[in-house]
Protein chains: 2
Amino acid sequence: MVTLKDIAAEAGVSITTVSNVVHNRTSRVSPERVAKIWEIIERRNYVPSMTARTLAKDSSSIIGVITHLTVQNLGSTMSDPFLSSFVEGVERRTREEGYFMMVRSVEDSQALDSLSRSWRLSGVIMTGMFQDDFFEYTRNLNIPFVLIDSYIDLPDVYNVGLEDEKGAYMATKHLLDNGHRVIAFASPTIQPGGVVEKRFQGYCRALEEYGIPFDPSRVFTQEITVEEGCKLGHVLSRRPEITGIVASADILAAGIMAGLRQKGVRVPEDKSIVGFDDNFLSKLTNPGLTTIHQDIERKGILAMNMLLAQIRNEPVDTRCVILPVTLVERESVRNLNA
Amino acid sequence: MVTLKDIAAEAGVSITTVSNVVHNRTSRVSPERVAKIWEIIERRNYVPSMTARTLAKDSSSIIGVITHLTVQNLGSTMSDPFLSSFVEGVERRTREEGYFMMVRSVEDSQALDSLSRSWRLSGVIMTGMFQDDFFEYTRNLNIPFVLIDSYIDLPDVYNVGLEDEKGAYMATKHLLDNGHRVIAFASPTIQPGGVVEKRFQGYCRALEEYGIPFDPSRVFTQEITVEEGCKLGHVLSRRPEITGIVASADILAAGIMAGLRQKGVRVPEDKSIVGFDDNFLSKLTNPGLTTIHQDIERKGILAMNMLLAQIRNEPVDTRCVILPVTLVERESVRNLNA
């Protein structure tokens, strides 16, 4: 069996250099040297084994990106097209740092336990809603982990989140500032402790500031799909008193706009709408969608950075990064004061 | 060290049953038995090791989903939001079959070689454009692999593709049947042997059938992003003679529509457009986008099924599955004959 040492000896370089080439960390190695090392590796048929290394180190260099499989989203945890930006950010950072990314949906904490133990995962990034006991369980696994968009109240937990409450507050206030007084809130089911609840609270806070009583008949919850958004557009077309809509995601806003259009309701002439995300959809809707901007790819990069700091026992400034939001004005809001 | 055998003995079940529970294949095990086995696993702190198993079997149960990192797409190989549907299909099938999914961008065949050897990958699914020598190289790795949307001409290669030529032919013919005679083709760079070239050929075939000479000034290539699509919309707004547009992707079509709108050009009154993909975008554009339908998630499922058949040495009916396309009519094409 050919070893790393044999390759290093023949190439006249250090074992570390060979290891770096094998694991594609070649930024500090000359192209000629990389080529030479690969030539030797291939000729001697050296097979660097991550699995042997894993057993020796008791850590696999695999980062698990975990999404939650629930009865509601069964089979479609990753169909959110915007998750791909997040995954891309994580994948790039794992590659740059000599790690590997495994993407997995888990239905419960046992599935995560099994995955983590089986593969000696180096760390875990968890996206989506999980129950509180899930996190307690994850802590007991004793591997570094970072939560995404979590509002779980546990000490020492790493989290990359967003100004969710503020974002929805800004969206609602923008409609209020433009003279709207009857404003709907459209979102998936509002679960305690989740992102959607925070956005809902932002909506309520803006209404309260303007002295507008909360009216539950103006809250509409449904799945975040184009089809459901479209149906909701039909429902809203029969509510002429509602002049403003805050949607908790751009894809929902775009679906609502399509549904309103099918019923002959014009945006922004008849109804104004503000989205949340500022992904490419907001540039494609007609009219362009006024929305709350967030940077999903950056979430992935930051999550991976926080995970690496834990794995390497490096100091971190904070365990909780909350990314800022901004309002991006396009053409979907009519100024009723004008 | 506690072994699988110890757990099986205490639970009074077979080693296979414990292994199935550990790897989450619990469909044939009663919930009570699953719970009992997990209780024993946790109490005795049994750690099933995939890495030990990998060394023993010389195969890791990891399926690599490989995208190609090129100078053009550097850092954004996975930002195509529709790749997530594909990845979801693969992930679900890996999970159902007791495999794991690693997602990775590679810049060259050496990076794939390194990944495959290091992890003893059980199989590889390759998406995106690769050079011919890349495939030769991959064949020499001697691991099962399946290509996605490849037109590589190698014997014995497994491929899941699409009726690309026919789809673009149908899109172009639909415009011709509706009286359009000056039709543009919009796509990313047309590379020999790639998906885009096949779609381009379908466009040319339809023109030829109608006796319309090919005019290179009607072919527009650019990156597939909303911004580039939008810019192309501006360019097309200054070409009044062009009444029909075939776009090789819905996201490009939607970008073009946004750009045309910014310049006051109406769809379908002034220009008609047909997309390709039929993803959720085609339902969100205003007007709704007439397009060619394909099922991306199904591509992922079929690719994984073909890979499993190879891994298990099961017979396969065919090494090459070509998924059908259909034309979905919405509102973006005007009938000039009417």
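The values are calculated or read from the model by the stated rules, or taken from the named source; none is laboratory data. None of the values given here were measured: they were computed from a predicted structure. Because the Cβ atoms are built from the backbone with ideal geometry, glycine has one as well, and the counts that use them run over all protein chains shown. Heads up: the accessible areas ignore ligands, DNA and RNA and are worked out on the full protein's heavy atoms, side chains in. Shrake-Rupley method; radii C 1.70, N 1.55, O 1.52, S 1.80 Å.
What the table below lists for this structure:
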quantity	calculated
Filter pass, residue B:117 being at negative phi and surrounded by fewer than 19 Cβ atoms within 10 Å (Cβ to Cβ)	no
Which numbered condition residue B:227 fails, given (1) over 26 Å from residue B:295 (Cβ atoms); (2) away from chain A (no Cβ under 14 Å)	(2)
Residue tally, condition within 20 Å of the chain's Cα centre (by Cα) and among the charged types (D, E, K, R), over the stretch B:103-144	4
Test: residue in the stretch A:99-110 that is surrounded by fewer than 18 Cβ atoms within 10 Å (Cβ to Cβ), within 21 Å of residue A:138 (Cα to Cα), modelled with pLDDT under 85 and more than 9 Å from chain B (Cβ to nearest Cβ)	yes
Hits in the stretch B:111-123 - residues which are assigned to a helix (DSSP H, G or I) and at the interface with chain A (Cβ under 7 Å from one of its Cβ atoms)	B:111, B:114, B:117, B:118, B:119
Qualifying residue in the stretch B:126-140 (condition: touching a strand residue (DSSP E or B) at 6+ places or on another chain (Cβ under 8 Å), open to solvent by less than 10 Å² (accessible area, probe 1.4 Å) and under 30 Å from residue B:25 (Cα atoms))	yes
Search result, residues across the stretch B:1-35 that are farther than 16 Å from residue A:108 by Cβ and hydrophobic (A, V, I, L, M, F, W, C)	B:1, B:2, B:4, B:7, B:8, B:9, B:11, B:13, B:15, B:18
Residues located in the stretch A:288-309, provided they are touching a Lys or Arg at 6+ places or on another chain (Cβ under 7 Å) and of a type in the set (Ser, Thr, Tyr)	A:290
Test: residue in the stretch A:126-149 that is assigned to a strand (DSSP E or B) and without any contact (Cβ under 8 Å) to a residue 60 or more places away in the chain	yes
Test: residue in the stretch A:142-152 that is within 14 Å of chain B (Cβ to nearest Cβ) and out of contact with any Pro (no Cβ under 6 Å at 6 or more places or on another chain)	yes
Close pairs from the stretch B:208-227: first within 20 Å of residue B:174 (Cβ to Cβ), partner among the aromatic types (Phe, Trp, Tyr), Cβ under 6 Å, at least 6 apart	B:219/B:185
Matching residues, the stretch A:84-98, being part of a loop (DSSP other than H, G, I, E, B) and either within 10 Å of another protein chain (Cβ to nearest Cβ) or open to solvent by 30 Å² or more (accessible area, probe 1.4 Å) (or both)	A:97
Complete set of residues in the stretch A:254-313 that are outside any helix (DSSP H, G or I), among the basic types (Lys, Arg) and either at the interface with chain B (Cβ under 10 Å from one of its Cβ atoms) or surrounded by 24 or more Cβ atoms within 10 Å (Cβ to Cβ) (or both)	A:271
Every residue from the stretch A:281-315 that is in contact (Cβ under 8 Å) with a residue 24 or more places away in the chain, of a type in the set (A, V, I, L, M, F, W, C) and closer than 20 Å to residue A:121 by Cβ	A:301, A:302, A:303, A:304, A:306, A:307, A:308, A:311
Count of the stretch A:137-167 residues which are of a type in the set (Gly, Ala, Ser) and out of contact with any Cys (no Cβ under 9 Å at 6 or more places or on another chain)	2
In the stretch B:8-30, the residues that are within 13 Å of another protein chain (Cβ to nearest Cβ) and either modelled with pLDDT of 85 or more or assigned to a loop (DSSP other than H, G, I, E, B) (or both)	B:18, B:23, B:24, B:25, B:26, B:27, B:29
Residue list for the stretch A:150-184, filter: at pLDDT below 90 and either assigned to a strand (DSSP E or B) or surrounded by fewer than 20 Cβ atoms within 10 Å (Cβ to Cβ) (or both)	A:151, A:152, A:153, A:154, A:155, A:156, A:157
Scope the stretch A:314-338; condition outside any loop (DSSP other than H, G, I, E, B), within 27 Å of residue A:100 (Cβ to Cβ) and open to solvent by 20 Å² or more (accessible area, probe 1.4 Å); matching residues	A:320, A:321
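Yes/no matrix, rows are residues, columns are (1) more than 26 Å from the chain's Cα centre (by Cα); (2) farther than 14 Å from residue B:182 by Cα; (3) part of a helix (DSSP H, G or I):
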| position | (1), (2), (3) |
| --- | --- |
| B:198 | no, yes, yes |
| B:203 | no, no, yes |
| B:207 | yes, no, yes |
| B:214 | yes, no, no |
| B:217 | yes, no, yes |
| B:220 | no, no, no |
| B:223 | no, yes, no |
| B:227 | no, yes, yes |
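To keep it simple, each residue is scored yes or no on (1) touching a strand residue (DSSP E or B) at 6+ places or on another chain (Cβ under 7 Å); (2) in contact (Cβ under 8 Å) with a residue 12 or more places away in the chain; (3) surrounded by fewer than 16 Cβ atoms within 10 Å (Cβ to Cβ).
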{"residue": "A:203", "(1), (2), (3)": "yes, yes, no"}
{"residue": "A:230", "(1), (2), (3)": "no, yes, no"}
{"residue": "A:241", "(1), (2), (3)": "no, yes, yes"}
{"residue": "A:249", "(1), (2), (3)": "yes, yes, no"}
